Amino acid sequence: MMLLFEIRKIFSRFKNRFAALLLLIVLGITSILAVNKVEYVDENGNSTTGITAAANLRAVREPWSGYLTEEVLKKAVEENNAVNASTEANSTDIQEQNKAFAKKQGFEEIRNVINEAFSGWRDYDYYAVDSVSPDEAGTVYERRISQLKGFLDSGEEYFSEAEKEYLISHFEDLETPFYYESVTGWDVLLQDISTFILILALFIGFFISGIFSDEFQTKADAIFFSAKFGRSRAAGAKIGAGFLITTVFYVVFIFLYTMIVLGVTGFQGAGCPIQLTLWRSVYNITYFQAYLLIVGAGYVGTLFAGALAMLCSAVTRSTAAAVVVPFIILCAFPFLSRIITLPQICSFFPDQLMEVYLHIKDFDLVEIGGKVMSVATLIIPVYAAVSLLLQPVVYLVYRKSEVRN
């Protein structure tokens, strides 16, 4: 009963109800912006975005679904060469060139894989496939490994011998040939969901920032602490309310955002390897697994920022100060990382929990005691443990608070 009372008390305030309504509006806007990133060009060279574009892309890419074997890769190069030889492709008219591009959309994501394999390590060439022979196309998987080895031997960036072995072994362990379905929906979702998670975390921090401080600001602390369970069960109920609001709001709004974006752009491709679009990723995971990793890290980051906001609320007795805490942790730290010239330290800042997509995209290694691991897989459990440990600290701080006149 105390827990429900604390939750009702939080949302009895107009500012919190208004913030909840604003969050719904933000959900709608961010979902629309994500969906509108999907673009389709019809046979007449006209471009559309959004729901219709997503449906049309799914239709033209469906015939290419399956394993990207040597035969399929050869076929993609042959189709690409045929389009390049067409009258539309060789026209100087933009509309005619768009008509040619429309014919490539069915295998555009496969074309991207070939481009990655035949581009420089840090220099993507969109037209690389145009100079690749059908026989060469079948070597993309071997080239991915040779690209890495060439990059490591170049000395452009420093890696220890253990890190080099870690990278090479993970590249070699990736299962090939890739299974392919159109991954447009998942690609859009993974690119944009981190921004939505950050916004959601700031809203949640706003909701729970006054859980403790409001009692002092309304001068109700004397009554609260003089009650029989004011310093025990009631204090625990406040912490429970903060944890429940964080969890429920996070789960519900992430679910809604995911369903809206994938509902429009398509759910297929969840089981495809992330390397279809993140070619250099050392994570041998699927799009769905990457999604779980990003969302899980975001939840831990939200929980950590919320726990510190509640601690600040209990210590300072100021709601305003508590509101600022999540912003500092999640938004100000990235600016610090630009000033501090120690990237290894910056990689462990809590804001990195909101940037897991970038960690998946490229190398994010750390070596501890001779053991190499990715930063993301290290900071997630560490901050999860710290977030849980902060809960009893908040409880003790608030329980020992003194009434001030």
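The values are calculated or read from the model by the stated rules, or taken from the named source; none is laboratory data. These numbers were taken from a predicted model, which means no experiment stands behind them. Neighbour counts are summed over all protein chains in view; Cβ atoms, including those assigned to glycine, are modelled from backbone coordinates with ideal geometry. Just so you know, the surface numbers come from the protein's heavy atoms only, side chains and all, with ligands and any DNA or RNA stripped out. Shrake-Rupley method; radii C 1.70, N 1.55, O 1.52, S 1.80 Å.
Can you list the helices (runs of 4 or more DSSP H) found entirely within segment 7-84 that contain at least 1 residues being under 17 Å from GLY185 (Cβ atoms)? Give the steps one after another, and end with the answer.
Details: elements: 14-35, 51-61, 70-84.
Hits in segment 7-84: 14-35, 51-61.
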ALA235 vs (1) modelled with pLDDT under 90; (2) assigned to a helix (DSSP H, G or I); (3) touching a Ser or Thr at 6+ places or on another chain (Cβ under 7 Å); (4) buried (at least 23 other Cβ atoms within 10 Å of the Cβ): all pass except (3)
Can you tell me which residues in segment 257-275 are open to solvent by 10 Å² or more (accessible area, probe 1.4 Å) and under 15 Å from LEU292 (Cα atoms)?
MET259, PHE267, ALA270, GLY271, PRO273
Give segment 90-117 a look and list any residue that's of a type in the set (A, V, I, L, M) and in contact with a strand residue (DSSP E or B) (Cβ under 9 Å, 6 or more places away or on another chain), or say none.
ALA102, ILE110, VAL113
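Being of a type in the set (Asp, Glu) and either modelled with pLDDT of 90 or more or surrounded by 13 or more Cβ atoms within 10 Å (Cβ to Cβ) (or both) is the filter here; which residues of segment 157-171 pass it?
Taking segment 157-171 and keeping what is of a type in the set (Asp, Glu), we get 157, 161, 163, 165.
Passing the criteria: GLU161, GLU163, GLU165.
If I ask for residues that are more than 14 Å from the chain's Cα centre (by Cα) and either modelled with pLDDT of 90 or more or surrounded by fewer than 14 Cβ atoms within 10 Å (Cβ to Cβ) (or both), which ones from segment 345-366 would you list? Before you say what the answer is, go through the steps one by one.
Of the residues in segment 345-366, the ones more than 14 Å from the chain's Cα centre (by Cα) are 345-350, 363-366.
ILE345, PHE348, listed by residue number.
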Residues (more than 21 Å from LEU256 (Cα to Cα), open to solvent by less than 70 Å² (accessible area, probe 1.4 Å) and out of contact with any strand residue (DSSP E or B) (no Cβ under 9 Å at 6 or more places or on another chain)) located in segment 20-57
GLY45
What residue, of GLU62, GLU109, GLU78, GLU88, is within 15 Å of GLY138 (Cα to Cα) and of a type outside the set (A, V, I, L, M)?
GLU78
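Considering LEU278, LEU292, which residue is without any contact (Cβ under 8 Å) to a residue 40 or more places away in the chain and of a type outside the set (Lys, Arg)? Reasoning before the result, please.
Numbers: LEU278 fails: without any contact (Cβ under 8 Å) to a residue 40 or more places away in the chain.
LEU292 is the lone residue from the list that is without any contact (Cβ under 8 Å) to a residue 40 or more places away in the chain and of a type outside the set (Lys, Arg).
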Those residues of segment 367-397 that are outside any helix (DSSP H, G or I) and surrounded by fewer than 17 Cβ atoms within 10 Å (Cβ to Cβ) come to a total of 6
